[in-house]
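Coordinate-derived values only; no laboratory data. These figures come from a predicted structure and were not determined experimentally. Don't worry about glycine lacking a Cβ; one is built from the backbone with ideal geometry, like all the others, and counts go over all protein chains shown.
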Amino acid sequence: MSARSRRDSVPSDDPRCRCGYPLDRFWPFCPDCGRPQSWRDTPPDAGDQCPSCGWAISPKFLRCPWCATMVYDEKLSAKKPLKAPKGYRMDAKCDWGCGGGVQYPMPFCPWCGRPQSWNEDDRFEGECAHCTRGVDDWMDNCPWCGHDATGRDLIPKALVQVRQLLRVAGVADWGYRILLRPGVSGVDPRYPKVVEIEKRYVTGVRRRDEIPWSMLIGLISHELGHSFLYHHWHWTSTRAFQRTFGEASKAYRINDDAWVDFQRRRVAITPVDHVSGYAARHPQEDFAETFRYYVTRRGRLRELFAELGQRRKGAAVYEKFILLKDYIQSLREWR
Ligand SMILES: [Zn+2]
Ligand SMILES: [Zn+2]
Ligand SMILES: [Zn+2]
Ligand SMILES: [Zn+2]
Ligand SMILES: [Zn+2]
């Protein structure tokens, strides 16, 4: 038996990519290595293969549910839309009401050929920034469209700059993972390293070249501040932290950071004891805002303090920056 035929005879309930990664049946791409996949009728089950894409189909189908090519055969095809021919399940009715059944994750109806949408909220952690289908946070490649599942390819310059800013500010990489996602910007404390940035700010309403640069850098830096704090959460229970920022664990609605607040480059005059208006909302926002200014000013406290002086900031604000700098320094020494 040749290597090829052995690979082809892998049982369909444990499909794997050539890279070895386990796949869900009918994923067009491997989420780990990005290789395109082909789901042939092996072992023979459904009874036919699409002449165009080569994927398994039922001889009863009128259209290929994977590529929408017409596969109608006068002798074999069903005379009217069926619920589920042999080898297929009916997971839902066709979105367009043609009367036929569709099986997850078919992108097209095998009867009328029209595109189908699937609610994948319970199956995946997020949505691909490119095709909006479900993806998990760890996936580098979208199993549906094959593009970068993190969406980071849409903001490469901003990510390079943020990485440089962190390095210059002396903040060691704590393993954060930035994901461009529809919905809200924020960090879930249960997944401290996953930093979600609202995709709408990057694509969509504004053209890419029109996004205020400072906004995107500011937003990412702010969210990284949340991630940094969740990652170093034990620090929030120290006396020094609580005296300076307050009780970080006090009741707080899940953060839904609005981008407008992070456009501002200069330190605000009010409120006196917080670096920005947004910072006054909650100790966690206070920290994230302090972190944002610290990072975007490259950790240069002398310049930052001159600005705080001009803006007549209270002593509390200086203390926050000093505490942050000391902590970042202590992390470096410890390493
Ligand atoms: Zn693979
Ligand atoms: Zn096809
Ligand atoms: Zn249909
Ligand atoms: Zn995609
Ligand atoms: Zn925030």
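Could you tell me how many degrees, from 0 to 90 and to the nearest 10, lie between the Cα long axis of helix 301-310 and the main elongation axis, the longest principal axis, of the Cα atoms of the chain? Long axis of 301-310 versus the principal axis of the chain: about 70 degrees.
For GLN116, nonlocal amide neighbours, meaning residues 5 or more places apart or on other chains whose placed amide H falls under 5 Å from its own, are PHE108, CYS109. Listed peptides 15-22, 267-274 appear in the order 267-274, 15-22 once ranked by packing, highest mean of other Cβ atoms within 10 Å at the front. When LYS325, LYS86 are arranged by Cβ crowding within 10 Å, least crowded first, meaning fewest neighbours, the order is LYS86, LYS325.
What are the trypsin sites (Lys or Arg not before Pro) within region 46-81 that DSSP puts in a loop, where the Cβ has at most 10 other Cβ atoms within 10 Å? For trypsin sites (Lys or Arg not before Pro) across region 46-81 that sit outside H, G, I, E and B with at most 10 neighbouring Cβ atoms in 10 Å, the list reads LYS75, LYS79. Taking a straight line from the alpha carbon of LYS83, these lysines sit under 22 Å away, with near neighbours fewer than eight places off in the same chain left out: LYS60, LYS75, LYS93. All distinct Cα pairs of region 28-118 go into the 1/r average, and the inverse of that average, the Kirkwood radius, is 13.2 Å. At full extension, HIS232 and TRP334 could sit 35.4 nm farther apart than now, given 0.36 nm per residue minus the alpha carbon distance.
Computed across region 152-334, the Kirkwood radius stands at 16.5 Å (inverse of mean 1/r, all Cα pairs).
Taking θ as phi - 60° and the Karplus parameters 6.51, -1.76 and 1.60, the scalar couplings of region 69-86 work out to 5, 5, 10, 4, 10, 3, 7, 8, 5, 5, 7, 9, x, 9, 6, 7, x, 3 Hz in sequence order, x denoting glycine and proline. The string of couplings for region 118-134 from the Karplus curve (6.51, -1.76, 1.60, θ = phi - 60°) is 10, 7, 10, 4, 8, 9, 9, 7, x, 10, 5, 6, 9, 10, 6, 7, x Hz, one whole number per residue in order, with x for Gly and Pro. Given a 10 angstrom Cα cut-off, can you work out which residue in HIS222, HIS232, HIS130 is the most mobile in a GNM of the chain? Between HIS222, HIS232, HIS130, it is HIS232 that shows the largest mean-square fluctuation.
For the chain, the normalised intensity computed at q = 0.12 Å⁻¹ comes to -0.87 (log10 of I(q)/I(0), Debye sum over alpha carbons, equal scatterers, no solvent). Backbone amide hydrogens, once placed in the peptide plane, bring VAL135 within less than 5 Å of GLU125, GLY126, GLU127, CYS128, excluding anything fewer than 5 places away on its chain.
Footprinting exposure proxy ranking of HIS234, HIS226, fewest other C-beta atoms within 10 angstrom first, gives HIS234, HIS226.
Computed 3J(HN,Hα) for region 154-162, one whole-Hz value per residue from the Karplus formula 6.51 cos²θ - 1.76 cosθ + 1.60 where θ = phi - 60°, is 7, 9, x, 5, 4, 5, 5, 5, 4, glycine and proline marked x. Among the listed pairs LYS157/LYS193; LYS199/LYS325; LYS193/LYS325; LYS193/LYS250; LYS157/LYS199; LYS250/LYS320, those with a Cα-Cα distance over 24 Å are LYS199/LYS325.
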